[in-house]
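J.: First the structure, then my questions, so here it is.
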Amino acid sequence: MKAIAVYPGKPQSAHLTDIPKPSLENIPNGRGVLVKVLRVGVDGTDKEIYAAEYGAAPKGDDFLVTGHENFGQVEAVGADVTEFKPGDYVIATVRRPGTSIYDRIGLSDMTLDTVYYERGINLLHGFLTEYYVDHADFIVKIPEGIKDIAVLLEPFSIVQKGLAQADEVQRRLCVWQPKRAAVMGARSIGLLATLALRLRGFDVTTFARTPKPNPHSELVEAIGGRYFSTQNESILKGAQDFGPFDLIFEATGYSPIVFESMQALGKNGILVLTSITGGNQTIEIPADEINEQFVLGNKVMVGSVNANRQHFEQGVRDMAQAETEYPNWLNQLLTHKIVGLNNYESLYETLNKANDAIKVYCEVAENTN
Ligand code: BGC
Ligand code: ZN
C-alpha cells in the first residue's frame, strides 16, 4: 500500500513509498484494531521533519512514514476488542509507552525516558498511508456527529493536556477561580486554545502579530474572544488593558514571547508553554524584574508536551460542545485540503508556503459511509 515517507536527516526528502498492509496479527492478545486512514493533518512538527531538523526512522528502516494527526475508520478488530467495531470512526494517540514509571501507569506523555516513541515523528511509522494497526488501548472512538472536524482532535489534545496541567497545578490554591486568560498565537493551536478557554467561560484575549481584521481575528471574535495585535502595541500593554491574566497559554512557536508572557502573568497565575522551538535563539531579558514578580506573585510556569487518551477524550467532549455552542466554527479551521497520498508534493508545499493556512490536511481516502 502507498505511504508518504521521508529519509530523516535528509532535508526535503518526502516521497511516495510502498509498504506492506499491516495485519491484526501484528498486535498481541487479540487487541489489534485495523484502521483505514481517512484524513491526516500536518503541522509545524511535520515542517521540521521535512526540513530534517527533527524526527527519526524506526530501527531497521531508513525511512519514516510521516503524519501524526490522524482520523480513520475501523476495518477489522481482534478477538479481544470489545470497544470498537468495523465502521467506527477512530483516532490513534501519538506516543507509545517506554519504560519509565509514568509509561507504566498510562502517562507516556510524562515519560522520563530520553528516547521516546511517537508515531509519524520519532522511531515509529505514522499515518500518511492507507491503513494502520494499533493496540486498542491507544485508539479513541469518535462520535459520528464530529467526524467532519475530528482530524483536529490530535492538535486539540495538546491544548487539553495543557489546560489539564494548569488545573492540576492550581489545586495548590485550594480555591482557583480564574476569569481572564491570554493565548499567545492565533494559528491552529492558539485558535483551539482560545476555543477551549471560551468553552470554559474565560474572558480570552488572543495575541498575534497581524493587525485585524484578518481570518484569525474573525475566528477569535466569532466565539467571543478578543484579538490583540502586537504589531504596534506590546503584550504588556495588552495585559494592562485586559489582564491581569490568571492563565496564559503560549503557542506561538517563538521562544522570546515566553519571557514577555512571564511579565504579563497575574498574581497566582499560571503560564502554560506548548511551543517546541528547535532553534538556538538567545535574547536579553530583565531577569531580576521577572524573577521578583514571579516570587512575589506566587506564579507558575509549566511546560506541556504530547497528550494521553484522557486528553483526547476531553477533546471529543469539547468538540461536541463547540458544535452546539459555535456551530461550524471548527470546520473553518480546515482551510487547505490536499486530496490523495499521490499529492504529497503539494501537501508539503502547502504546509511550507501557504501563509494563510490554518490547518493543511490530506484527504487520504473518501469517507463513503
Ligand atoms: C505532536 C505531539 C508530540 C510533539 C513532540 C507535536 O507536534 O502533536 O504529539 O509529542 O510534537 O514530538
Ligand atoms: Zn503535532
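J.: Consider only pairs whose beta carbons are under 6 Å apart and that are at least six residues apart or on different chains; among these, list those whose first residue lies in region 94-120 and is assigned by TED's automatic domain parsing to the domain that holds ALA136 and whose second residue is away from ligand 2 (no atom under 16 Å from the Cβ) and aromatic (Phe, Trp, Tyr).
T.: MET110/TYR102; THR111/TYR102
J.: Only one of TYR348, TYR361 is part of a strand (DSSP E or B) and more than 27 Å from LYS179 (Cβ to Cβ); which?
T.: Answer to the check: TYR361.
J.: While we're looking at this one, here's another question. Scan region 55-63 and tell me whether some residue there is away from ligand 2 (no atom under 16 Å from the Cβ), in the same structural domain as THR129 (by TED's automatic domain parsing) and of a type in the set (A, V, I, L, M).
T.: yes
J.: Suppose we filter PHE127, PHE156 for residues that are crowded, with 20+ Cβ neighbours inside 10 Å, more than 24 Å from ARG31 (Cα to Cα) and either at pLDDT below 95 or within 16 Å of ligand 2 (Cβ to nearest atom) (or both); which single one remains?
T.: Going through PHE127, PHE156 in turn, the sole match is PHE156.
J.: Looking only at region 316-341, which residues are of a type in the set (A, V, I, L, M, F, W, C) and part of a helix (DSSP H, G or I)?
T.: The answer is VAL316, MET319, ALA320, ALA322, LEU330, LEU333, LEU341.
J.: Quick check on GLU53: is it under 24 Å from VAL305 (Cβ atoms) and modelled with pLDDT under 95?
T.: yes
J.: Moving to a separate point now. For region 217-234, name all the residues that are crowded, with 21+ Cβ neighbours inside 10 Å and touching a Ser or Thr at 6+ places or on another chain (Cβ under 7 Å).
T.: Once the filter is applied, which keeps residues that are crowded, with 21+ Cβ neighbours inside 10 Å and touching a Ser or Thr at 6+ places or on another chain (Cβ under 7 Å), region 217-234 yields VAL220, GLY225, TYR227, PHE228.
J.: If I filter region 198-221 for residues that are under 17 Å from the mean Cα position of the chain (by Cα) and either more than 16 Å from ligand 2 (Cβ to nearest atom) or modelled with pLDDT of 95 or more (or both), do I get at least one hit?
T.: Scanning region 198-221 turns up no residue that is under 17 Å from the mean Cα position of the chain (by Cα) and either more than 16 Å from ligand 2 (Cβ to nearest atom) or modelled with pLDDT of 95 or more (or both).
J.: Go through region 36-53 residue by residue and tally those that are within 16 Å of ligand 2 (Cβ to nearest atom) and in contact with a Lys or Arg (Cβ under 9 Å, 6 or more places away or on another chain).
T.: Qualifying residue count, region 36-53: 6.
Okay, residues lined up against (1) over 30 Å from VAL140 (Cα atoms); (2) modelled with pLDDT under 95:
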residue: ILE270; (1), (2): no, no
residue: GLU289; (1), (2): yes, no
residue: GLN293; (1), (2): yes, no
residue: ARG317; (1), (2): no, no
residue: ALA322; (1), (2): no, no
residue: ASN328; (1), (2): no, no
residue: ASP356; (1), (2): yes, yes
residue: TYR361; (1), (2): no, no
residue: THR368; (1), (2): no, yes
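J.: Further, regarding this structure: Do you know which of the residues in region 100-117 that are charged (D, E, K, R) and touching a helix residue (DSSP H, G or I) at 6+ places or on another chain (Cβ under 9 Å) is nearest to ligand 1 (Cβ to nearest atom)?
T.: ASP109
J.: For the structure I just gave you, tell me whether GLY238 is crowded, with 17+ Cβ neighbours inside 10 Å and over 27 Å from LEU330 (Cα atoms).
T.: For GLY238, the condition - crowded, with 17+ Cβ neighbours inside 10 Å and over 27 Å from LEU330 (Cα atoms) - is not met.
J.: Could you check HIS216 against (1) assigned to a loop (DSSP other than H, G, I, E, B); (2) touching a residue at least 24 places away in the same chain (Cβ under 8 Å) and say which number it fails?
T.: In the conditions (1) assigned to a loop (DSSP other than H, G, I, E, B); (2) touching a residue at least 24 places away in the same chain (Cβ under 8 Å), HIS216 misses (1) alone.
J.: Which one of these is surrounded by 14 or more Cβ atoms within 10 Å (Cβ to Cβ), in the same structural domain as ILE276 (by TED's automatic domain parsing) and of a type in the set (Lys, Arg): LYS359, LYS299?
T.: Among LYS359, LYS299, only LYS299 is surrounded by 14 or more Cβ atoms within 10 Å (Cβ to Cβ), in the same structural domain as ILE276 (by TED's automatic domain parsing) and of a type in the set (Lys, Arg).
J.: Restricting to region 132-182, give me the number of residues that are within 17 Å of ASN331 (Cα to Cα) and in contact with a Ser or Thr (Cβ under 6 Å, 6 or more places away or on another chain).
T.: Selection size over region 132-182: 1.
J.: Being within 13 Å of ligand 1 (Cβ to nearest atom) and touching a Pro at 6+ places or on another chain (Cβ under 7 Å) is the filter; apply it to region 50-99 and report the residue that is farthest from TYR7 (Cα to Cα).
T.: This residue is GLU69.
The values are calculated or read from the model by the stated rules, or taken from the named source; none is laboratory data. Note that the structure is a prediction, hence the values are computed from the model and not measured. We place every Cβ from the backbone using ideal geometry, glycine too, and count neighbours over all the protein chains shown.
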